[in-house]
Each structure stands twice: as structure tokens, then as C-alpha cells.
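Laboratory data are not the source of any read-out in this text; all were calculated from the coordinates shown. Since we're looking at a predicted model, the values are computed, not measured. Cβ placement follows ideal geometry from the backbone for every residue including glycine, while neighbour counts extend to all protein chains displayed.
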Amino acid sequence: MSAQLNLVETISRYVTLQPGRKALKGKCPFHRDEMSSLMVIPDRDIFKCFGCGAEGGTIEFLMLLENKTRTQVVEDLGRRTFSAQ
């Protein structure tokens, strides 16, 4: 069984996203954001903050949010996936 990470679903757990023209937008959790500078582009499976410059995919979002390395995030996701089965 293969599991696929869903960027919008993951970010929506932490940020309220609102529809925009080509992207979803919300307040960035990585800095004090008053302008909803976080953009999530579902078609490309990426996020970008135009306030602090944070960008990437699901793994990078979780790395920044949880202050963990790529390896730690992947291991955590693996444990969650296998414990849910």
C-alpha cells in the first residue's frame, strides 16, 4: 500500500487557507504574518511565503514547523503511516 502526502491537507491542519486566484492563501506560521503571505499551489504541490521566504513541499513545511531534519520528518511520517494500518 502506498501513501501519498497531501500538501493542502497537511497545511490546513495548522493554517486556515482561503481560496485565491491560482493558489490558496493563509497566514504563515513561520513568522508574524498580518497579510496572509503564505501561498499554497495545489497543482504544483508547493507552498511559498512571500513574507519570510519559506518554501517547498509537505516535507519542508513539516521540517520548518516541527524544527526537525528531513530524516526525522520522514521517519515520523513512516511511523504514523504504519501505525494507522
- prompt: Do the conditions hold for I11, that is, is it touching a residue at least 40 places away in the same chain (Cβ under 8 Å), among the aliphatic types (A, V, I, L, M), surrounded by fewer than 17 Cβ atoms within 10 Å (Cβ to Cβ) and not in a loop (DSSP other than H, G, I, E, B)?
  reply: no
message: Being more than 17 Å from L7 (Cα to Cα) and not in a strand (DSSP E or B) narrows it down to one residue among R80, R32, R44; which is it?
response: R32
- prompt: Which of the residues spanning the stretch 51-67 are closer than 16 Å to I11 by Cα, surrounded by 15 or more Cβ atoms within 10 Å (Cβ to Cβ) and without any contact (Cβ under 8 Å) to a residue 40 or more places away in the chain?
  reply: A54, E55, G56, E60, M63, L64
query: For residues in the stretch 15-42 being in contact (Cβ under 8 Å) with a residue 12 or more places away in the chain and loosely packed, with under 13 Cβ neighbours inside 10 Å, which is nearest to T81 (Cα to Cα)?
result: Q18
- request: Give the residue, chosen from F82, F47, that is closer than 21 Å to L17 by Cβ and either surrounded by fewer than 16 Cβ atoms within 10 Å (Cβ to Cβ) or out of contact with any Lys or Arg (no Cβ under 6 Å at 6 or more places or on another chain) (or both).
  value: F47
query: Say we look at the stretch 43-67 and pick out the residues that are of a type in the set (D, E) and within 13 Å of the chain's Cα centre (by Cα); which of these is nearest to R80 (Cα to Cα)?
result: E66
